[in-house]
Amino acid sequence: MSVTSQVSEKSALVLFSGGQDSATCLAWALERFDRVETVGFDYGQRHAVEMQARQTVRDELVKVLPQWADRLGADHVVDLTGFGAIGETAMTTERAIEADARGLPNTFVPGRNLIFLVAAAALADRRGLEVLVAGMCETDYSGYPDCRNETIQTMARALSLGLDKPVPVETPLMFLTKAQTWEMAERIGGRALVEAIVEASHTCYLGDRTHRHDWGYGCGTCPACELRATGYGEWVARP
């Protein structure tokens, strides 16, 4: 995980879903890199509203972080619906969210983050972007094994070998709680950035944009909403 505090002359591609974590990562990247592009993945997710939220989040970040607006470049969307159909999980089909036989939540899409990183690395190579930035986190990670630091950094090594060049993967949220993620957003862009993330980003697995909470929109009961709500509550209650 990078802890760089100065602006880098390098360029970055942010894996960008339109959720709280990737929105915070985009702000983090804009603070650090001269040129930043974003990529989203359509894998047939039930909460497809996140794909609609992506552009809104990008637009809002430009408004609240105008000092870095000229660093934000193109957005890309990769069609991975064929891959999503393989998984048939609660993320891609209408079924109750529960634990599977391995004890993993059935919202886990096998290999999703690995596929995302392969696609992102290929796109970055063609676009001349040097660093991948992703929002995986092993502190509040819903039990997904492909969110762990060892998984991501092992994948970074494999990509570096496969592309015959360094493919660094920065994961600024890897060891943070959701409360600390809200704190990071506040540090980068103040309350304006926090409010933009609350209002525009989407996390709810059920795609609920009708119920507005202090922490944003969502059903309030799915695992993603619970993590986001708990983290927000811990953040606002801090001393």
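The values are calculated or read from the model by the stated rules, or taken from the named source; none is laboratory data. Keep in mind the model is a prediction, meaning the values are calculated, not measured. No Cβ is skipped: glycine too gets one built from the backbone with ideal geometry, and neighbour counts run over all protein chains shown.
The table below gives the values:
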| item | result |
| --- | --- |
| So Pro166, is it in a loop (DSSP other than H, G, I, E, B) and under 15 Å from the mean Cα position of the chain (by Cα) | no |
| Boolean, Thr151 is in a loop (DSSP other than H, G, I, E, B), closer than 30 Å to Ala229 by Cα and modelled with pLDDT under 95 | no |
| Residues of segment 217-228 satisfying the condition of being without any contact (Cβ under 8 Å) to a residue 60 or more places away in the chain and out of contact with any Lys or Arg (no Cβ under 9 Å at 6 or more places or on another chain) | Cys219, Gly220, Thr221, Cys225, Glu226 |
| Residue list for segment 202-229, restricted to those being modelled with pLDDT of 90 or more, surrounded by fewer than 21 Cβ atoms within 10 Å (Cβ to Cβ) and among the small types (Gly, Ala, Ser) | Gly220, Ala229 |
| Segment 166-216: number of residues that are closer than 22 Å to Met136 by Cβ and charged (D, E, K, R) | 5 |
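One line per residue, one yes/no per condition, for (1) under 17 Å from the mean Cα position of the chain (by Cα); (2) part of a helix (DSSP H, G or I); (3) touching a residue at least 24 places away in the same chain (Cβ under 8 Å); (4) surrounded by fewer than 15 Cβ atoms within 10 Å (Cβ to Cβ):
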position: Met184; (1), (2), (3), (4): yes, yes, yes, no
position: Arg191; (1), (2), (3), (4): no, yes, no, yes
position: Ala196; (1), (2), (3), (4): yes, yes, yes, no
position: Glu199; (1), (2), (3), (4): yes, yes, yes, yes
